[in-house]
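A short reminder: the numbers here are calculations on the coordinates, not readings from a lab. For clarity, every value in this text was computed on a predicted model and none was experimentally measured. Ideal geometry is used to build each Cβ from the backbone, glycine not excepted, and the neighbour counts take in all protein chains shown.
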């Protein structure tokens, strides 16, 4: 992907991860990730997309240095994952954030600021900034153990953002957030990206990822099915042509078989790779005697792209 | 700042920590009040109750709770050596032990002054020996907590110690006149938390003894303290090694 010349925020080379239980047979081993290579540059948002068990969280955990790769290498801002230098550049938000029982939300933020090695005034400033940005003022002084899922997510995001890391790893960040929270999260991530942070998000909410104008990594069975930026992901489009009658005959006589996705007497669904082809196709159909009622260009959304890739990959 | 927060967390990580401290203090007072023990009896009670059971109660799930809940993932992605997490947790436990024994000493002193009953002579040495044992058991329990989830580290150690002590007692008494007896006694005495050695130290049995090491004469009491500290460091070292080499994950869906 682009941004050549910049120091990559994440560089994964031929990553393979096999989970094997102690004393278990080799046949019981689970290969969660197979030969995955990935580069993420500053100012880039990459969305990991895949069904449960696709390897998204495993990939995030490897980048965060929580687990060791069976094969391959991971570097964060040029440093090996799990090294202290790599962690200086890292903000991590787990899927199920847990906080110490007796601490208020504010104390949790201060605690994590201290763990980052920030000075007391910096911690104070960052806590106030996070409370304001994520609108946590109403609940930040309550015990964190009593927080709802949405409040926990906001607090976890605030923790991940502390110290202005160059790389943010977010595992299902919109879980439990209300619609307003989701919009705030999206705006915040765009601001961070514009400030030069690299962001890797794992999410099942494909619609949310789509609105983030990020690049997508489609994963299935531990492999990368496709690596596509937004333009490429949306490139595959369909043309829906409504006819008065004779749709099947028109499809057989006027169009190549590979282009016809679906044909009925009153409607045709055609695959097109370039929207500029539409006038020619319509003119061709009209000249061939097709009585066209309407023409609609439908772009494949990210969900459809993912489902198509999954069906092609399995 | 980091050290302070990680040490403070050992006090605040569970509501039960404060309750445990309170219960233990009440029991120190009750034992004195009800049984009017002589200093040796009270010292043995301190060694067992404060030196052995207290660290097990305080260290239950000290790392295992975080590992089981997935909170450890937030801690070990921070920019510091993961071993620091272990070291500061152990220091936090050790400080809690020191605080507990100081409060126990104060309590006994007040009871003795008010009631004018029993004696407090030699109690300081018993408290010191109990704190040494506390540190050794706390280090062992914390290390076990790296690999055993939740509070099972303390339960496992309690059962293992009770079983091990019974087996050791049977073996040593049956082999008392056999050459193997010394080997078996040594096996149980040196690599495991040194109840027996510290009991002798606190009783003053080693006050006039010394060991020869090369051309040097070392007082046995100093060697006994050194042995306890070395064991603490060895147990902690094993735990740090395990912590820095293990993998972590959050709870599964």
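Where is the GNM fluctuation largest for chain A (alpha-carbon springs, 10 angstrom cutoff): A:162, A:293, A:136? Maximum among the listed residues: A:293. Grouping the Cα pair distances of segment A:246-314 into 5 Å bins from zero gives a pair-distance distribution of 3, 14, 24, 26, 14, 10, 6, 2, 0 percent in increasing distance order. Springs join every pair of Cα atoms under 10 Å in this Gaussian network model of chain B, and among B:98, B:60, B:165 the largest mean-square fluctuation is at B:165. Taking the C-alpha atoms only, the angle from helix B:123-147 to the longest principal axis of chain B is near 30 degrees. Starting from the Kirkwood Rh over alpha-carbon pairs, what translational D in µm² s⁻¹ does segment B:161-232 have by Stokes-Einstein at 25 °C and 0.890 mPa s? Roughly 183 µm²/s, to the nearest whole number.
With all projection directions averaged, the alpha carbon convex hull of segment B:138-195 covers 4.2 nm².
Distance between the 7 Å Cα→Cβ label points at residue A:21 and residue A:190: 4.7 nm. Segment B:194-229 and segment A:45-119 have their alpha-carbon centroids 47 Å apart. Across peptide B:2-11, the average count of Cβ atoms from other chains found within 10 Å of a residue's Cβ is 3. Counting only helical runs of four or more DSSP H residues, what would the 222 nm mean residue ellipticity of chain B come to if each run contributes -39,500 (n - 2.57) and the total is spread over all its residues? For chain B, the value works out to -23500 deg cm²/dmol. When chain A is treated as a GNM with alpha-carbon contacts under 10 Å, the residue of A:57, A:202, A:258 showing the greatest mean-square fluctuation is A:258. Against the empirical curve 2.2 N^0.38 Å, the C-alpha radius of gyration of segment B:2-49 lands at a ratio of 1.55. Quick note on the protein assembly as shown: its Rg to Rh ratio, both from C-alpha atoms and Rh being the Kirkwood radius, is 1.16. Segment B:159-187 and segment A:26-44 have Cα centres lying 52 Å from one another. Extension gain, residue B:247 to residue B:163, is 27.1 nm, computed as 0.36 nm per intervening residue step minus the present C-alpha separation. Normalised by residue number, the volume inside the convex hull of the Cα atoms of segment A:33-82 is 82 Å³ per residue. Here, segment A:177-314 is characterised by an Rg to Rh ratio of 1.10, where Rg is the alpha-carbon radius of gyration and Rh the Kirkwood radius. Ranked by the mean number of other Cβ atoms within 10 Å of their residues, highest first, the peptides A:108-114, A:279-285, B:175-181, A:180-186 come out as A:108-114, A:180-186, A:279-285, B:175-181. Projected label points at residue A:35 and residue A:286, each 7 Å from Cα along the beta carbon direction, are separated by 5.1 nanometres. In segment B:2-245, the convex hull through the Cα atoms has an average projected area of 15.6 nm², a quarter of its surface area. How large is log10 of I(q)/I(0) for chain A at q = 0.07, 0.16 Å⁻¹ when the intensity is taken from the Debye formula with one equal scatterer per alpha-carbon? So the normalised log intensities work out to -0.38, -1.25. In segment A:16-152, the ratio of gyration radius to Kirkwood radius, Rg to Rh, stands at 1.03 when only Cα atoms are counted. So, how do all the Cα-to-Cα distances of segment B:1-109 break down into 5 Å bins, in percent, from 0 on up? Reading upward from the zero bin: 2, 11, 21, 21, 15, 11, 8, 6, 3, 2, 0. Over what distance in Å are the Cα centres of segment A:262-314 and segment A:209-225 separated? One Cα centre to the other: 24 Å. For the segment B:65-77, counting C-beta atoms of other chains within 10 Å of every residue's C-beta and taking the mean gives 6. For peptide A:112-119, the mean count of partner chain Cβ atoms within 10 Å of a residue's Cβ comes to 5. Set the Förster radius R0 to 30 Å, insert the Cβ-Cβ distance between residue B:106 and residue B:150 as r into 1/(1 + (r/R0)^6), and round the FRET efficiency to 0.05. The calculated FRET efficiency here is 0.30.
The alpha-carbon positions of segment A:98-188 define a convex hull whose volume is 93 Å³ per residue.
With each label modelled as a point 7 angstrom along the Cα→C-beta vector, the residue A:277-residue B:30 pair spans 8.5 nm. Peptides B:113-120, B:220-227 ranked from most to least packed, by the mean per-residue count of other Cβ atoms within 10 Å: B:220-227, B:113-120.
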